[in-house]
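Structure record follows, encoded as C-alpha cells.
The values are calculated or read from the model by the stated rules, or taken from the named source; none is laboratory data. As the structure is a prediction and not an experimental result, all values here were calculated from the model. Cβ: placed from backbone, ideal geometry, glycine included. Neighbour counts: every protein chain shown.
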Amino acid sequence: MSESLKCSNCDNQATVHLTQIINSKIIKVDLCEACAQAKGVTDPEGFSLADLLNKSTNESGGEEMSLTCPNCGLKTADFRRTGRLGCSSCFSIFAPLLHPVLEDMHVGTSHKGKAPVVALSRQSAATQLQDLKKLLARAIAEEAYEDAAKYRDQIKCLKKDAVNLEFSQS
Amino acid sequence: MIESLLNCKDAELTHNTQKATPVVLSTRLRLARNLVGIPFPERASVAQRSDILSSCEEHLSNIDKMKRGNFFDVSDLSDLEKQVLVERHLISRELCESKQGSGVFINKDQTCSVMINEEDHLRIQFMKTGFHLKNVWKQIDKFDSQLEDSLDVAFDSEFGYLTACPTNLGTGLRASVMMHLPGLVISEQMERVIRAVNQLGITVRGLFGEGSDAIGHVFQISNQQTLGEKESDIIDRLGNVLKTVIDHEVNARFKCLEDSRAKLLDQIGRAYGVLRNGHVMTSNEALNHLSLLRLAVDFELLPESNRADIDRFFIESQPGHIQYAANAGIEPDARDVCRATKLREELGSLPALDFDKLADLT
C-alpha cells in the first residue's frame, strides 16, 4: 500500500483494515489500534452494527446536527459510538438517524406484531388511540384485514372505556 | 445459593425424560422489554437500577408461573454459580458482567427465566425440550401480556417494543432452536448450510454463542430480524427453515452410513469406549463423544430411554458444573479427571451398542 490510510474515526494512522459484506454491499473500514478496540472489532455482531451506523453518517454527507435526549442525556455521538439508545424517549429524538439503520437491519421498518394494550391504555388512552389508528390505517393500506379488524376492535374497546371513565368522573 | 436449582429433579433441560427428540435438543424464545421513561440499564444510575430490580421482582413474584421460583441478585452470586447458570442457559454472559442492581428470576422447573437489568430492563426467556416454537410462543406471549398488565412497558406504534439495541426493536423476539447436527458436520456441509440460512435472515451460532464453533455438533439457530414481521410470521419462517435443516441432517446421516459406514460406526464405538473407560477428559472431548452417543440413540444402537441422560451430561460435563459438583474451584487438570470419573460411573450401566439394529436402516 503506497499511501498510509487514516483512521475513519480519528486522524491517527490506520493499522486495522476491515472489509465486511453486508446485504451484498462491500464495506471497507480503516481504523487505528485504539478505535478498533473501542469499536469492539473483536465482537463481530457489535462491530457490524457500528459499521452500519457509520455508513448512514457518510451517506447523509457533511456535518450533522448533534441531538441530545432531554430525558437521559444521550447525544448523537454516544449513539454513533455504541449503537445503543439510552431510554424510551430517545426514539422520537433519534428517529431520523435510526430509520436508515433499520432499513438494512430488519425485514421492514415498522412494527407489525403485538402491542401492550393494557399498559398503553393505562399510560395514555389518547396516544394509544392515535397509535392504534395509525396501525389500523396501515393494516387497511396493506390489505391485512384480519389485523385491521383486530385493531378496529381494540379502538372500539378503548373508546368505550374512555366514555365510561368520563361518566364516572362527571 | 443455587443448590435448589441443581438438585431439582424436574428441571426442563436436564430432567425432561419424555420429550427429547432426534436432531432438535430444545426451543428457546426471549422477549426484550423496557419500562417507560427510565433510562435503559446501561445509562441508569445505581439507584434507578435497584428501583427497577426490586419493582420488577415484586411484579414477577405475583405471576402464577413464578410461584415457588427463585430470585437471585447477581451481586450475591459467586463467579462459579454464575457460570453454572450460564451453562444451563438460564442467564447470559452479559448479565454476569453487569453493574450493581441486576438479577434473575427463575421459575421452579427452569422453563422460564427473567433477567432484570441486562441490556434491557427485562429479558424474558422460555425454554422447552424438543421442537416447540408455536407452543413456547403461546406461553411466553401470555406471560408477557400478564406482566404488561401491571408494568408500563415502553412501546411505540412505529418501532414496536423499544429496546436499547436497534437490532431487537419491534417484537423484541429472538426465537432460537438448539440443534444436534453431526451428519452435516461430519459430511462437511455445515458451512454451506450456514451460508444458505444467513441469506434468509437466520443466524447460526455454536452451543455457547459466538465463537464456540461446532463443539458437540450443537448449533443454536435463530431469527436475526425482529422488526417488520409479526411474531407468528417470524416463528413460521424460522420453523420452515429449520424443517429443511432437519431434512438435510437426516439425509446427511444416511449418506454417511451409505458411503462410510465403517468409519462412522467406528467413531461411535470409540466414543462409547472412551466415555465408559476414560480417566482424563476435557469438556470439548466429552461433548464431542456425547454427541456421537446421542447419534447412537438416533440410530437405535442404544435404547431411546438413554437419550435424556445423554442430554443431561451435555450440560453437567461443562466446566462450571464439574467444579460445582466437586465443591471447589478446581484447576482444569483436576476437572478433567472429575469429568471422566463422573461419565465413567454414570455411563457404566449403558447396554452394549446393538450394531445389528442398523441392518434395518440401510
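The residues listed here are B:Arg174, B:Arg205, B:Arg192; of these, the one that is touching a helix residue (DSSP H, G or I) at 6+ places or on another chain (Cβ under 9 Å), among the charged types (D, E, K, R), more than 9 Å from chain A (Cβ to nearest Cβ) and outside any helix (DSSP H, G or I) is B:Arg174.
Taken as a whole, the condition of being within 14 Å of chain A (Cβ to nearest Cβ), modelled with pLDDT under 95 and more than 27 Å from B:Ile140 (Cβ to Cβ) applies to B:Asp213. When region B:155-170 is filtered for residues that are facing another protein chain (nearest Cβ under 7 Å) and in a strand (DSSP E or B), the ones remaining, listed by number, are B:Phe155, B:Asp156, B:Gly160, B:Gly170.
Given (1) more than 12 Å from chain A (Cβ to nearest Cβ); (2) within 30 Å of A:Pro100 (Cβ to Cβ); (3) in contact with a Gly (Cβ under 6 Å, 6 or more places away or on another chain); (4) not acidic (Asp, Glu), where does B:Leu133 come up short, assuming only one miss? Looking at each condition in turn, B:Leu133 falls short on (2). Against the criterion of being touching a Cys at 6+ places or on another chain (Cβ under 6 Å) and surrounded by 17 or more Cβ atoms within 10 Å (Cβ to Cβ), B:Pro39 qualifies. Quick one: which of A:His111, A:His106 is more than 15 Å from A:Gln154 (Cβ to Cβ) and in contact with an Asp or Glu (Cβ under 9 Å, 6 or more places away or on another chain)? Sole residue among the options that is more than 15 Å from A:Gln154 (Cβ to Cβ) and in contact with an Asp or Glu (Cβ under 9 Å, 6 or more places away or on another chain): A:His106.
When we screen A:Phe91, A:Phe79 for residues that are buried (at least 19 other Cβ atoms within 10 Å of the Cβ), modelled with pLDDT of 90 or more, within 7 Å of chain B (Cβ to nearest Cβ) and not in a loop (DSSP other than H, G, I, E, B), the only hit is A:Phe91. Among the residues making up region A:97-126, those that are outside any loop (DSSP other than H, G, I, E, B), within 9 Å of chain B (Cβ to nearest Cβ) and surrounded by fewer than 19 Cβ atoms within 10 Å (Cβ to Cβ) are A:Val117, A:Val118, A:Arg122, A:Gln123.
Just one residue in the set B:Gln199, B:Gln125 is without any contact (Cβ under 8 Å) to a residue 12 or more places away in the chain and either out of contact with any helix residue (DSSP H, G or I) (no Cβ under 6 Å at 6 or more places or on another chain) or within 11 Å of another protein chain (Cβ to nearest Cβ) (or both); that residue is B:Gln199.
Yes or no, residue by residue, for (1) crowded, with 18+ Cβ neighbours inside 10 Å; (2) under 24 Å from B:Asn251 (Cα atoms):
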residue	(1), (2)
B:Leu275	yes, no
B:Met281	yes, no
B:Asn288	yes, yes
B:Leu292	yes, yes
B:Pro303	no, yes
B:His321	yes, no
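Kindly provide the set of residues from region A:131-159 that are at the interface with chain B (Cβ under 8 Å from one of its Cβ atoms) and surrounded by fewer than 17 Cβ atoms within 10 Å (Cβ to Cβ), ordered by number. Selection gives A:Lys134 alone.
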